[in-house]
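Below is one structure. I have some questions about it.
The values are calculated or read from the model by the stated rules, or taken from the named source; none is laboratory data. Worth saying up front: this structure is predicted, and the values here are computed from it rather than measured. Cβ atoms come from the backbone with ideal geometry, glycine included; neighbour counts cover every protein chain shown. Note: accessible area is taken over every heavy atom of the protein model, side chains too, but ligands, DNA and RNA are not part of it. Shrake-Rupley method; radii C 1.70, N 1.55, O 1.52, S 1.80 Å.
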2 protein chains.
Amino acid sequence: MPAKHDFHELDLDPRAREVLREIVMQHIESGDAISSRTLAKCGRFDLSPASLRNVMADLEDLGYLAQPHTSAGRVPTDRGYRFFINHLMKSRSLSAREREVIDDQVSHAHEIDEVLHLASNLLWKLSDQVGVVFMPTLLQFAIRSMDFVLVAENKIMCILVGVNGVVVNKIVETRFRFTRDELEKISRFSTAEFSGCTLDLVRRRLVRMTEQERAQHDEMLQKTISLGIEAVNAPIDHDLYVEGAESILNKPEFADAALLRKTFLALQEKERLVEILESCLQAEGLQILVGSESDFTGDHNFSIVARRYGSQSTPNGMVAIIGPMRMEYARMAPLVDYLGRALSRKIEEQEQPR
Amino acid sequence: MPAKHDFHELDLDPRAREVLREIVMQHIESGDAISSRTLAKCGRFDLSPASLRNVMADLEDLGYLAQPHTSAGRVPTDRGYRFFINHLMKSRSLSAREREVIDDQVSHAHEIDEVLHLASNLLWKLSDQVGVVFMPTLLQFAIRSMDFVLVAENKIMCILVGVNGVVVNKIVETRFRFTRDELEKISRFSTAEFSGCTLDLVRRRLVRMTEQERAQHDEMLQKTISLGIEAVNAPIDHDLYVEGAESILNKPEFADAALLRKTFLALQEKERLVEILESCLQAEGLQILVGSESDFTGDHNFSIVARRYGSQSTPNGMVAIIGPMRMEYARMAPLVDYLGRALSRKIEEQEQPR
DNA sequence: ACCTGGCACTCCGCAGCTTCGAGTGCCAGG
DNA sequence: CCTGGCACTCGAAGCTGCGGAGTGCCAGGT
């Protein structure tokens, strides 16, 4: 952080900070631009509107506030929100009720995808913003088992279980015919052989096997290898749960039909979402991106409140909320944080079943 | 159909029919209300606007047309569309390009859910309406196999394959511990025992087994039964693919933000969609529902173009397009029909693999 | 040095008015 | 039975004026 920036921020005298804080809070609540008069009336300041106007003018000069037009009140800028989040916000901890709902739901889910789906749903319902949960592809993790089941004469379902408990299944079509017996043998072999490997490693080892002398003559081995390669090459997507896109339909900032349309379509672009979530994956703890601070949020005046989940040992994903810049950060932050922790706990539990 | 209705419809003299047809077509194309003047200008009639006005007034009396307000042109009513669809429409057959796209895509997909997902996607892209594909739950069909795979110490994945090739997998948690060996045996047993049964029948037979003497003592059998019951009781949903809801954002009839919101939310109510699609499941061939002809479409001024797919022998689902009443029926009808046929063919092929 | 009331100014939103054009219905004449 | 003409209706668009909400600035008070 450049010194000048710091200087600015610390330079704000306490009164200005209070004013900024009040403006941001009121604006978040009402959505309107805040005038000096409303501010004076709120009772927190023993100042006349005129004095407040001076303070507000200063804050505008520093780039924390903006006026939509002359003779409208002031509205926080991205920087204003950022300052608010960094220095002024007092997180409102979750209500007992909310905590209960989260704990209850998370503990009742079983499969990991069920848990994640539920998490995005919870985020949506509890925040009334768009809830997003991201799980990176299995590719980066080691697998625990690899099984094959006959589905049709020429179709085999391959079931991969990651060390993190993620279960992925893919149906592959093969030119060989397999019997149940064979598949059972192959399952045993593959699991024994590859458990602990990442998919990438599995692929390399399979390829190496084809080169060995033995493979040329052992038909069974050939079939195993071919099936394994098919299975590993089958595309395995990351999972992205986006829930509650319709909740933006309510928000007054998107009352305009054209803007709404644009905003809505933006949320369908999963690739961009994945991209930005992946870029947050490194950082520990809660992250908040406001408006112009990232490409995606900047284009659409969004903010993102995100947190990594998962234990240190195993791969992580992200939970996040996406909404308009004007959102209740003080409530969203603890919500995302709590849910992230709950998920992490759940996942750690599942790793070491009692 | 009541005689009176028939009378009305057949009573329309050829000129009135032509006029109605032209109005519907022009309105579908432009979205505007059609005036006598525009109609006269189109060249298809050797009549003055005044004469056309008379014809139009008659059509309005009969309920085929309506005026949004005095001094606006005329717009087709539900009945108008219905008459158009039944008697006036000339289906425009698919372009070679479109047919090619469909055939190509359908033939390249493998798993049935992949095919269906693709189908809804195609419907959307080719029609620019909301594409819907519905597959009823597996419950009504006989199964071909039933396998179990170890996923974690206390979690078993159960894989059911229907005679129609549908593959369903569910992860169940059990209080027993299973080894790979056991699961393999159970899989063999279950498949041999239950292949050809509907899930309901499987459940009943499992329950009956618990009552037999043997079950009391044979631990292995107990475990099998418990697992089987878990698997069969795991909820198995119907599949519903809805794609392209965002395409209604474009349609001028939903320019108003409030209406758009309402419309959009309506499309999220999958239950109602399922309900209406299920009700169409009985009828063979293409079905078109216009506006007030059904609850769902009536509430939102939608129309639905739907068709059953699947072979006679095996269970069927529906493919459909949902859009505003003002849609190009002449193009949608063949599109849905063709896709339905393509799907049916694909499914029949998969039933009897060469 | 700082706060404050007052005042001029700007700008938005709204209500009311007019105008314009697009349609229709009806009628009388060919 | 068709047609041109005419009166009438209605909505969309544009203009105007006004009130309200805000701000900026200044001069005077503490």
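Evaluate E = 1/(1 + (r/R0)^6) for B:ASP32 and B:GLU348, where r is the Cβ-Cβ distance and R0 equals 56 Å; express this FRET efficiency to the nearest 0.05.
Result of the calculation: an efficiency of 0.80.
Could you sort the residues of region A:146-179 by number and keep only those whose accessible area is reduced by 40 Å² or more in the all-protein-chain setting relative to the chain alone, 1.4 Å probe?
A:ASP147, A:VAL149, A:VAL151, A:LYS155, A:MET157, A:ILE159, A:VAL167, A:ILE171, A:GLU173
Okay, moving on. Expressed as cubic angstrom per residue, what is the convex hull volume of the alpha carbon set of region A:139-233?
On the way: hull volume 7.9 nm³, N = 95.
Residue-normalised Cα hull volume stands at 83 Å³.
Here is a follow-up. For region B:3-88, what is the relative contact order in percent, using Cα pairs closer than 8 Å and at least 6 residues apart in sequence? All intermediate terms of the calculation are to be shown ahead of the outcome.
Working: 88 pairs, mean separation 27.6, N = 86.
Here the relative contact order equals 32 percent.
Same structure, new question: In deg cm²/dmol, rounded to 500, what helix-only [θ] at 222 nm does chain B give when every DSSP H run of at least 4 residues adds -39500 (n - 2.57) and the total is split over its residues?
Only helices count here, giving -16000 deg cm²/dmol.
Could you give the size of the charge dipole of region B:139-233 about its Cα centre, using +1 on the Cβ of each K and R and -1 on the Cβ of each D and E, expressed in debye and rounded to the nearest 20? Don't skip to the answer; put the middle values down first.
Details: 14 positive and 13 negative charges, 38 e Å.
Dipole about the Cα centre, nearest 20: 180 debye.
Another question about this same structure. Output the Kirkwood hydrodynamic radius of the protein assembly as shown, Cα pairs only, in Å rounded to one decimal.
29.8 Å is the Kirkwood radius here.
Structure shown: which of A:LYS170/B:LYS170; A:LYS170/B:LYS125; A:LYS170/A:LYS270; A:LYS155/A:LYS223; B:LYS41/B:LYS90; B:LYS125/B:LYS251 lie over 18 Å apart, alpha-carbon to alpha-carbon? Spell out each step's value before the answer.
On the way: A:LYS170/B:LYS170 14 Å; A:LYS170/B:LYS125 26 Å; A:LYS170/A:LYS270 22 Å; A:LYS155/A:LYS223 13 Å; B:LYS41/B:LYS90 22 Å; B:LYS125/B:LYS251 15 Å.
Going by Cα-Cα distance, A:LYS170/B:LYS125; A:LYS170/A:LYS270; B:LYS41/B:LYS90 fall outside the 18 Å limit.
Let me ask something additional. Would you be so kind as to identify which of B:ALA152, A:SER344, B:GLY43 lies farthest towards the positive end of the dipole of the protein assembly as shown, taking Lys and Arg as +1 and Asp and Glu as -1 on Cβ and the Cα centre as origin?
B:GLY43
For all pairs of alpha-carbon atoms in region B:3-88, what percent lies in each bin of width 10 Å, listed from the first bin to the last filled one?
Pair shares across the bins are 18, 58, 23, 2.
A:ILE34: net charge of surrounding residues, Cβ under 9 Å, Lys/Arg +1, Asp/Glu -1, itself excluded?
Neighbour charge sum, excluding A:ILE34 itself: -1.
Tell me the Rg and the Dmax, in Å, that the Cα atoms of region B:36-126 produce.
For region B:36-126, the Cα radius of gyration and maximum Cα-Cα distance read 20.6, 60 Å.
What distance in nm lies between label points placed 7 Å from Cα along the C-beta direction at A:ASP46 and B:HIS87?
If labels sit at A:ASP46 and B:HIS87, their model points lie 8.6 nm apart.
Another one. In percent, how large is the relative contact order of chain A, given Cα pairs closer than 8 Å and 6 or more residues apart?
With pairs under 8 Å counted, the relative contact order is 18 percent.
Sorted from largest to smallest, which semi-axis lengths in Å does the alpha carbon gyration tensor of region A:162-295 give for its equivalent ellipsoid, taking the root of 5 times each eigenvalue?
For region A:162-295, the semi-axes come out at 46, 17, 13 Å.
Here's something else I'd like to know. Using +1 on the beta carbon of Lys and Arg, -1 on that of Asp and Glu, and nothing else charged, what's the dipole of region A:3-88 about the Cα centre, debye to 20? Please report the intermediate quantities before stating the final value.
Working: 11 positive and 13 negative charges, 39 e Å.
The dipole magnitude comes to about 180 debye.
Magnitude of the Cβ-charge dipole of chain A, K/R +1 and D/E -1, about the Cα centre, nearest 20 debye?
Numbers: 43 positive and 53 negative charges, 72 e Å.
Charge dipole, chain A, about its Cα centre: 340 debye, nearest 20.
Between chains A and B, what is the buried accessible area summed over both chains (1.4 Å probe, protein heavy atoms, nearest 100 Å²)?
When A and B are taken together, about 3300 Å² of accessible area is lost.
Here is a follow-up. How much area per residue is accessible in the protein assembly as shown when the probe is 1.4 Å and only protein heavy atoms are counted (Å²)? All intermediate terms of the calculation are to be shown ahead of the outcome.
Values: 32790 Å² over 708 residues.
On a per-residue basis, 46 Å².
I've got another one for you. Can you send over the carbon and sulfur percentage of the accessible area for region A:89-206, probe radius 1.4 Å, protein chains only?
50 percent
Could you give me the radius of gyration and the Dmax of chain A, taking only the C-alpha atoms into account and expressing both in angstrom?
26.4, 93
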